Amino acid sequence: MISPKTTSLYSPAENAVLSLVSYAIRCGLICPEEAVFAANSLLDVLQLEPSGTFSAAVLSDAASEERPEDAGTELEGILSCMLDDAVSRGVIDGGIASRDLFDTKLMGCVTPRPGEFLRNFREKYQESPQAATDYFYQISCDSDYIRRYRVRRDMKWLAPTPYGDLDITINLSKPEKDPKAIAAALTKKQDSYPKCLLCHENEGYAGHLTHPARQTLRQVPMTLDGESWYLQYSPYVYYNEHCIALSSAHVPMKIDRHTFARLMDFLKLFPHYTIGSNADLPIVGGSILTHEHFQGGNYTFAMAKAPVREAVSFPGFADVTAGIVHWPMSVIRLDGANPDRLVELADRILTAWRGYSDPSADILAETDGTPHNTITPIARMRDGLYELDLVLRNNRTTEEFPLGIFHPHQELHHIKKENIGLIEVMGLAVLPARLKGEMASLREAILNGADLRADAALAPHADWAEEWISRHPELSADNLEQIIQNEIGLVFSRVLEDAGVYKDTPAGREAFLAFVQSI
């Protein structure tokens, strides 16, 4: 860091510039030879005319210092000082969106240019794919593309359920989305630039009040099934090294044989990562259906830990081990040494499912030409074999279930109303930020014996809370928070059960096997 003797010479804003350049050198974002260039770039963005004594030469010793112990906290303090100064001088207004646009622009001055970043990535890749992604992820954090100080505020815990420990997160960064709005986005004319948040054109984009700045976004080009794709990280990191693979073309999500081939090709490039795709239909297809993309990362999800409940076989595929997974959703797991064989069998299963109907199980392949059946696929390596989980999905709606028969039912919407996309399918609940305050209020109301229905925010939780309170005679001030967290986990397991097309009942198992045997 800059010595106190030196910092006393400058204004707080000048010191913040020096501190940010020092931070960037110590984190390896820039080299010492770029210190003056970076300082001048920051001064330009800040519209700051430095004093005559200002000199970036004081940074010459920063290269010999170690990486910050808590880089995220240090960076938050530096940027906060710069933002407050910019607001005080009228450079920006004080709104959250304006501050986020501005600090990203500042960090863009000290983030490696794409060409340099890619040279470093490819050099690391020669060492190992994991060394390359370790470098990529660290750059994404140190550049503030991933705002570590915000991610830390998210609530995360493990909840025991009949299907193992499920991951529960209350995300404080993203708004809750309406399933109908997600579906409507498919038909909305897209003539903006970039067309969506997943387009390659976001790299370096300055953004505006309704589109985040992306000067710190870096992407790695790759070829999947002969097509141009890119790898980047999610700024929200719901789990470790949460990455996104996106098509270079702005085309809608589509699950077909090429999807399975691309997933296998991704594993050949990054065998230490899990990778999967949202389904391609509204209701069952996650939050962005307008741009072909996958999500993955360096994390073992609860579904990957789930055992095979029942072995099955497919004629002509003796080299592929298959089974039905013990999971609240309907999952066929395939394992094999030859990825091409998994692609071939997965395509056969998808083709059969697209046209399959079983009215006794509420499954119709289509209604008046509108398709309902699709698959959410997830791929990983396990013990040297390729593994592909195929999650059967159906998006039918009825008057009783207007948001979907195989969607969280209405009595669960007080906890989870959004689409059940890839991440939830794998056993990680992404719950809305409102729940943090509501659960804290619920705890206090229960301890005080208050009428839950008298509070507009708590009334939707009343039936649920009264049911589990009766099951917990041991409830006290010391354990109530843990009980609430565990009960939320049980709600999430019910959410996944609702989304499962075949229920874990004798009739459901029989119907599931009937489909498998039809392939």
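Has the range 206-219 got at least one residue that is farther than 26 Å from Pro112 by Cα and modelled with pLDDT of 95 or more? Scanning the range 206-219 turns up no residue that is farther than 26 Å from Pro112 by Cα and modelled with pLDDT of 95 or more.
For Ser98, the stated conditions do not hold, so it cannot be described as outside any helix (DSSP H, G or I), out of contact with any strand residue (DSSP E or B) (no Cβ under 8 Å at 6 or more places or on another chain), modelled with pLDDT under 95 and of a type in the set (Gly, Ala, Ser).
Table: residues versus (1) aliphatic (A, V, I, L, M); (2) at pLDDT 95 or above.
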position: Lys124; (1), (2): no, yes
position: Ala131; (1), (2): yes, yes
position: Arg150; (1), (2): no, no
position: Asp191; (1), (2): no, no
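Among the residues in the range 79-88, are any of a type outside the set (S, T, N, Q), free of Cβ contacts under 8 Å to residues at least 60 places away in the same chain and touching a Gly at 6+ places or on another chain (Cβ under 6 Å)? The answer is yes; a qualifying residue exists. The criterion of at least 3 residues that are modelled with pLDDT of 90 or more and over 30 Å from Phe136 (Cβ atoms) is met by the following helices (runs of 4 or more DSSP H) wholly inside the range 1-76: 12-26.
Summed over the range 198-216, residues that are on the phi < 0 side of the Ramachandran plot and either buried (at least 16 other Cβ atoms within 10 Å of the Cβ) or of a type in the set (Val, Ile, Thr) (or both) total 13. If you go through the range 110-146 and keep only what is under 15 Å from Cys243 (Cα atoms) and not in a helix (DSSP H, G or I), you end up with Tyr145, Ile146. Could we say that Thr290 is free of Cβ contacts under 8 Å to residues at least 40 places away in the same chain, farther than 27 Å from Ile519 by Cβ, under 19 Å from the mean Cα position of the chain (by Cα) and not in a strand (DSSP E or B) here? It is false that Thr290 is free of Cβ contacts under 8 Å to residues at least 40 places away in the same chain, farther than 27 Å from Ile519 by Cβ, under 19 Å from the mean Cα position of the chain (by Cα) and not in a strand (DSSP E or B). Exactly one residue out of Ile423, Ile375, Ile324, Ile415 is within 27 Å of the chain's Cα centre (by Cα), more than 28 Å from Val237 (Cα to Cα) and β-branched (Val, Ile, Thr): that is Ile324. Here the range 147-166 is the region considered, the condition is being within 18 Å of Leu435 (Cβ to Cβ) and in a helix (DSSP H, G or I), and the residue that is farthest from the chain's Cα centre (by Cα) is Arg150. With respect to Thr398, determine if the residue is of a type in the set (S, T, N, Q) and closer than 20 Å to Gln295 by Cβ. No; evaluated as a whole, the condition is false for this residue.
The residues of the range 244-262 that are over 16 Å from Ile349 (Cα atoms) and either touching a Phe, Trp or Tyr at 6+ places or on another chain (Cβ under 9 Å) or of a type in the set (D, E, K, R) (or both), listed by number, are Ile244, Ala245, Leu246, Ser247, Ser248, Arg262. For the range 39-57, taking the residues that are out of contact with any Leu (no Cβ under 7 Å at 6 or more places or on another chain) and hydroxyl-bearing (Ser, Thr, Tyr), the one that is surrounded by the fewest Cβ atoms within 10 Å (Cβ to Cβ) is identified as Ser51. Given Ala511, Ala499, which one is small (Gly, Ala, Ser), touching a residue at least 12 places away in the same chain (Cβ under 8 Å), more than 19 Å from Pro408 (Cα to Cα) and touching a Phe, Trp or Tyr at 6+ places or on another chain (Cβ under 8 Å)? None of the others qualify; the one that does is Ala511.
Of the residues screened, Asp93 is not one that is in a helix (DSSP H, G or I), out of contact with any His (no Cβ under 6 Å at 6 or more places or on another chain) and surrounded by fewer than 19 Cβ atoms within 10 Å (Cβ to Cβ). Checking each residue in the range 452-471 for being among the small types (Gly, Ala, Ser), out of contact with any Asp or Glu (no Cβ under 8 Å at 6 or more places or on another chain), within 15 Å of Ser441 (Cα to Cα) and surrounded by fewer than 17 Cβ atoms within 10 Å (Cβ to Cβ) picks out Ala454, Ala456, Ala459. Lys416 fulfils the conditions (1) out of contact with any Pro (no Cβ under 8 Å at 6 or more places or on another chain); (2) within 30 Å of His242 (Cα to Cα); (3) in a loop (DSSP other than H, G, I, E, B); (4) among the charged types (D, E, K, R) except for a single criterion, (1).
All conditions in (1) touching a helix residue (DSSP H, G or I) at 6+ places or on another chain (Cβ under 7 Å); (2) crowded, with 23+ Cβ neighbours inside 10 Å hold for Arg393, with the sole exception of (1). Among (1) in contact with a strand residue (DSSP E or B) (Cβ under 7 Å, 6 or more places away or on another chain); (2) modelled with pLDDT of 95 or more, there is one condition Ala249 misses while meeting the rest; what is its number? Ala249 satisfies all of (1) in contact with a strand residue (DSSP E or B) (Cβ under 7 Å, 6 or more places away or on another chain); (2) modelled with pLDDT of 95 or more except (1). Out of Leu158, Leu118, Leu172, one residue alone is more than 23 Å from Thr274 (Cβ to Cβ) and at pLDDT 95 or above. It is Leu118.
Residue check: Tyr135 meets all listed conditions (1) under 18 Å from Gly207 (Cα atoms); (2) without any contact (Cβ under 8 Å) to a residue 24 or more places away in the chain; (3) within 22 Å of the chain's Cα centre (by Cα) but one, namely (1). Residues that are part of a loop (DSSP other than H, G, I, E, B) and β-branched (Val, Ile, Thr) within the range 468-519 comprise Val501, Thr505, Ile519, listed in sequence order.
For the range 437-446, the condition holds for no residue, the condition being that it is over 31 Å from the mean Cα position of the chain (by Cα), among the aliphatic types (A, V, I, L, M) and not in a helix (DSSP H, G or I).
The values are calculated or read from the model by the stated rules, or taken from the named source; none is laboratory data. What you see is a predicted model; the values in this text were computed from it and never measured. Virtual Cβ from ideal backbone geometry, glycine too; neighbours counted across all protein chains shown.
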